[in-house]
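Report on the structure given below.
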Amino acid sequence: MFAHLAAEADRHHAVIVMDTHAEKLARIYAQDMPGLYVVAQRRTIINGPTWTLQRDPQPVSS
């Protein structure tokens with residue numbers, strides 16, 4: 001699924017941004033989608049920790 005999502009994002013020059021409340025999921029997502037990286041980590045009293053990940057569009061190879 002991540003490979004297809006990344007390919008479509010590249011084709012449309014779209015940035016992928018996602019949040020997760022689980023550090024383990026943030027690591028799995030970053031491993032499974034090349035170019036995805038943690039851009040922010042924050043903690044709130046109500047929701048606890050949140051990791052924001054981002055992937056910028058990559059050049060599309062022909």
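Observations
- Karplus (6.51, -1.76, 1.60) ³J(HN,Hα), θ = phi - 60°, over region 45-61, in Hz, Gly and Pro reported as x: 5, 7, 9, x, x, 9, 10, 9, 10, 9, 9, 7, x, 9, x, 7, 8
- Helix-derived mean residue ellipticity, 222 nm - over the chain, DSSP H n ≥ 4, -39500 (n - 2.57), to 500: -9500 deg cm²/dmol
- Listed values (i) -0.52, -0.79, -0.84, -1.15; (ii) -0.82, -0.96, -0.98, -1.10; (iii) -0.76, -0.94, -0.95, -1.14, entry calculated as log10 I(q)/I(0) by the Debye sum over Cα atoms at q = 0.16, 0.21, 0.22, 0.28 Å⁻¹: (i)
- Helix axis angle, 2-11 relative to the chain longest principal axis, alpha carbon, degrees: 60 degrees
- Local net charge near L25, Cβ-Cβ under 12 Å (Lys/Arg +1, Asp/Glu -1): -1
Coordinate-derived values only; no laboratory data. None of the values given here were measured: they were computed from a predicted structure. For neighbour counting, all protein chains shown are included, and Cβ atoms are generated from backbone atoms with ideal geometry for every residue, glycine included.
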